[in-house]
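The values are calculated or read from the model by the stated rules, or taken from the named source; none is laboratory data. Everything numeric here is computed off the predicted structure, so don't read it as measured data. Using ideal geometry, Cβ is built from the backbone for each residue, glycine included, and neighbour counts are taken over all protein chains shown.
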Amino acid sequence: MKAWEANIRRVVPYVPGDQPKGERLIKLNTNENPYPPAPGVRRVLQEMDYDRLRKYPDPAALVLTDCLADYYGVGRDQVFVGVGSDDVLAMAFLTFFNSDKPVLFPDVSYSFYKVWADLFDIPYETLALDENFCIRPQDYLKENGGVIFPNPNAPTGLLLSLGQVEEILRYNSDVIVIVDEAYIDFGGISALSLLEQYENLLVVQTFSKARSLAGLRIGFGIGSPTLIQALNDVKYSYNSYTMNMPSLVLGVEAVRDEEYFQNTLKKIIATREKAKVRLRKLGFSYPDSMSNFIFAAHRQVPAKELFEALRKRQIYVRYFDQPRLDNYLRISIGTEEEMEELFAFLEEYLDRWKA
Ligand code: PMP
């Protein structure tokens, strides 16, 4: 090893899902929205004045924070935006988790939490889900340096009720509690209504899933002005221009079209519920997902075998080669047609397997 190599910081990175290329493939592996963004996004993109790219974007991202403040009925000083919710969450770890006590999060959860904790040298403790993959709110009643969990959880899709989220908040008034609501629009009730009572709550959401804009990278956090001010101070100490101009204006367009948003959600939820019935008929079991994916295990066929067979057919789902998860496939909800192809393949494959 060269002497200078001793100065390199070594980290174990988060591994994002594959982004395979090809025309005919069916991509159900990274929980993207199968439907295009709102039509207004296309219009504004086509009309965009490219000369504006000469200039730096607004560092405060006000068009977008104001639009979100209006939409969610909070003050403009309560909204923070970032480059996907990953950016908002990373910044929140850096800003809010500065205790010697461990930050708490579920053991089966968004795997990025561990990576940020390691990157920023934050002590943490993971708390086991119960035998049905549920978060147990009472486990979070212990000394800690902060709490974070996704709701619905990933990759299980299971939702905590607002009452359960509040239970965790009630226990934890001395630390900052982050609720990662990446998938909340697919059937959950947001913790935003608890913001008035809990100044230590940060709710984080994204445009990547329900708003079909994973490619633009927009996420946001909503919390008390004290939390948002602290996040902004850290952001301005790091990179003032996190949000590029196209993301700002196109993000606003996506929020404007409420009817399109609701219709898209309705379609995905209906497809998800139909998929649950078909999966069960085929011999799969799964936690009852309230997100845009289903985490399913077959009673006979190992998940890894199914994953590989599907991939050969250009149908991509997510497989986690980890204890407790390694017999499950995480299947994102696609269009009706995509799900039809998935099920046609599974039916045929499982029939052959039985024979
Ligand atoms: N939180 C959870 C629970 C997620 O699954 C994801 C998606 N990988 C994110 C946050 C981050 O999404 P994005 O950065 O696209 O907003």
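Which fully enclosed strands (runs of 3 or more DSSP E) of the range 116-203 have 2 or more residues being among the hydrophobic types (A, V, I, L, M, F, W, C)?
146-150, 177-180
I want to confirm something. Restricting to the range 205-237 and keeping residues that are more than 20 Å from residue 78 (Cα to Cα) and either of a type in the set (Asp, Glu) or surrounded by fewer than 19 Cβ atoms within 10 Å (Cβ to Cβ) (or both), which single residue is nearest to the ligand (Cβ to nearest atom)?
So the residue we want is 214.
Report every pair of residues separated by at least 6 positions or lying on different chains whose Cβ atoms are under 7 Å apart, first residue within the range 327-341 and of a type in the set (Val, Ile, Thr), second in a strand (DSSP E or B).
331/293; 331/294; 331/296; 333/293
State which residue is modelled with the lowest pLDDT when the search covers only the range 1-45 and only residues that are acidic (Asp, Glu) and away from the ligand (no atom under 16 Å from the Cβ).
Step by step, filter the range 1-45, then rank; the result is 23.
A quick yes/no check of all residues on (1) surrounded by 19 or more Cβ atoms within 10 Å (Cβ to Cβ); (2) free of Cβ contacts under 8 Å to residues at least 12 places away in the same chain; (3) assigned to a helix (DSSP H, G or I); (4) within 16 Å of the ligand (Cβ to nearest atom):
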residue	(1), (2), (3), (4)
59	no, no, no, no
67	yes, no, yes, no
74	yes, no, no, no
80	yes, no, no, yes
91	yes, no, yes, yes
100	no, no, no, no
114	no, no, yes, yes
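Among what's in the range 161-203 and is of a type in the set (Val, Ile, Thr) and more than 17 Å from residue 93 (Cα to Cα), pick the residue that is surrounded by the fewest Cβ atoms within 10 Å (Cβ to Cβ).
Among them, the one singled out is 189.
Test residue 344 against the criterion of being without any contact (Cβ under 8 Å) to a residue 12 or more places away in the chain, more than 28 Å from residue 35 (Cα to Cα) and of a type in the set (A, V, I, L, M, F, W, C), and give yes or no.
Numbers: without any contact (Cβ under 8 Å) to a residue 12 or more places away in the chain: yes; more than 28 Å from residue 35 (Cα to Cα): no; of a type in the set (A, V, I, L, M, F, W, C): yes.
It is false that residue 344 is without any contact (Cβ under 8 Å) to a residue 12 or more places away in the chain, more than 28 Å from residue 35 (Cα to Cα) and of a type in the set (A, V, I, L, M, F, W, C).
Name the single residue that is farthest from residue 86 (Cα to Cα) among those in the range 181-203 being of a type in the set (Ser, Thr, Tyr) and within 15 Å of the chain's Cα centre (by Cα).
Once the filter is applied, the top-ranked residue is 190.
Can you tell me which residues in the range 249-268 are within 16 Å of the ligand (Cβ to nearest atom) and in contact with a Cys (Cβ under 9 Å, 6 or more places away or on another chain)?
251, 255
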